[in-house]
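Asker: One structure, as structure tokens, below. Some questions next.
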Amino acid sequence: MIRRAPVRHENHERWLVSYADFITLLFAFFVVMFASTQADRSKARMYSEAVKEALEHGQLSAAISVVLGRGKHEAIKSMQEDTLNARLPPPPPQAHPADLVKSLATLQTGLDAELKSGKVQVKLEARGLVISLRESGFFASGDDAIAPDGLPSIAKIAAVIQGVPNPMRLEGYTDSVPIHNSRFQNNWELSSARSIAMLELLQQKFQIPPERMSVAGYAENAPADTNDTPEGRAHNRRVELVLLSAEAEKAEPKPGQ
């Protein structure tokens, strides 16, 4: 009896080859469809090139890694970021520090009498525009209350401060003579209190935003002149308003941090 050789195995093998080709083509189809949904053209091009490389060189696993692995996660992250950014309002324009040379010229003109009398000194340094107010023109000895006679001069200074966005530091200084009275125990307290008094005046009377200002008290530790003469000590007793330059502002902490 003659038996026919079975052909199922051969047909089965041919069917497996056809199935593999079908799966490859199906995979390529879905990759192309996925790439076409990407808003980022560079990512779509990356997916297409990965599939092309896989089909030409048989590196199917590499293509799967790119599309379904890292590439997929990046695409999802990008889509989420795009959606979030579309919902957020545009950020407000940032105020850039002004060139302080013009402000210096304005103060030199407006404070001509105060500069000649020595009550005020203005100068431009690397850290910014420094406006130095001598104690004799703005404070009583050993006190942090601002003298009413000094308000017109402060009003001129405040007008310049209002016209620029630069942050400002208020610095208090004393001479080296120790102080001890019913209000202040030492020069640290006095220098700091005068800085705070000037800040409160600028905020309350001249509407300078408090977030633009900071205070510092140096006591006798940063003299502008010698402490060996009465004239030198008078120069050292001062409050300085420093409009910070763009470079100096970089080192300052930002509001909200």
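Asker: Mind listing whichever residues of region 133-150 are in a loop (DSSP other than H, G, I, E, B) and loosely packed, with under 11 Cβ neighbours inside 10 Å? Spell out how you get there, then give the answer.
Answerer: The initial filter retains those residues of region 133-150 that are in a loop (DSSP other than H, G, I, E, B), namely 140-145, 147.
Residue satisfying the conditions is S141 alone.
Asker: Here are the criteria: (1) within 18 Å of F206 (Cβ to Cβ); (2) in contact with a Gly (Cβ under 9 Å, 6 or more places away or on another chain). Tell me which single one A145 does not satisfy.
Answerer: Just one mismatch for A145, condition (2).
Asker: Quick one: W188 ticks every box in (1) of a type in the set (F, W, Y); (2) surrounded by fewer than 18 Cβ atoms within 10 Å (Cβ to Cβ); (3) part of a loop (DSSP other than H, G, I, E, B) except a single one, so which number is it?
Answerer: With (1) of a type in the set (F, W, Y); (2) surrounded by fewer than 18 Cβ atoms within 10 Å (Cβ to Cβ); (3) part of a loop (DSSP other than H, G, I, E, B) applied to W188, the lone miss is (3).
Asker: Could you run through region 121-136 and say how many residues are more than 28 Å from the chain's Cα centre (by Cα) and among the acidic types (D, E)?
Answerer: 1
Asker: Which condition does R237 not pass, out of (1) out of contact with any helix residue (DSSP H, G or I) (no Cβ under 6 Å at 6 or more places or on another chain); (2) surrounded by 19 or more Cβ atoms within 10 Å (Cβ to Cβ); (3) of a type in the set (D, E, K, R), if it passes all the others?
Answerer: Evaluating R237 over (1) out of contact with any helix residue (DSSP H, G or I) (no Cβ under 6 Å at 6 or more places or on another chain); (2) surrounded by 19 or more Cβ atoms within 10 Å (Cβ to Cβ); (3) of a type in the set (D, E, K, R) leaves (1) as the failure.
Asker: Name the residue, out of E247, E252, that is touching a Leu at 6+ places or on another chain (Cβ under 7 Å) and surrounded by fewer than 18 Cβ atoms within 10 Å (Cβ to Cβ).
Answerer: E252
Asker: Related question: Answer with yes or no whether L170 is hydrophobic (A, V, I, L, M, F, W, C), in contact with a strand residue (DSSP E or B) (Cβ under 8 Å, 6 or more places away or on another chain) and at pLDDT below 95.
Answerer: no
Asker: So how many residues does region 160-185 have that are surrounded by fewer than 20 Cβ atoms within 10 Å (Cβ to Cβ), among the polar types (S, T, N, Q) and either closer than 19 Å to E200 by Cα or in contact with a His (Cβ under 8 Å, 6 or more places away or on another chain) (or both)?
Answerer: Going through region 160-185 one residue at a time, the tally reaches 1.
Asker: Going by what's in this entry, would S176 be described as at pLDDT 95 or above and closer than 19 Å to I146 by Cα?
Answerer: no
Asker: Which condition number in (1) modelled with pLDDT under 95; (2) under 28 Å from E252 (Cα atoms) is the one that S141 fails?
Answerer: (2) is the only condition that S141 fails.
The values are calculated or read from the model by the stated rules, or taken from the named source; none is laboratory data. Computed from a prediction, not measured in an experiment: that's the story for all the values here. Every residue, glycine among them, receives a Cβ derived from its backbone with ideal geometry; neighbour counts consider all protein chains shown.
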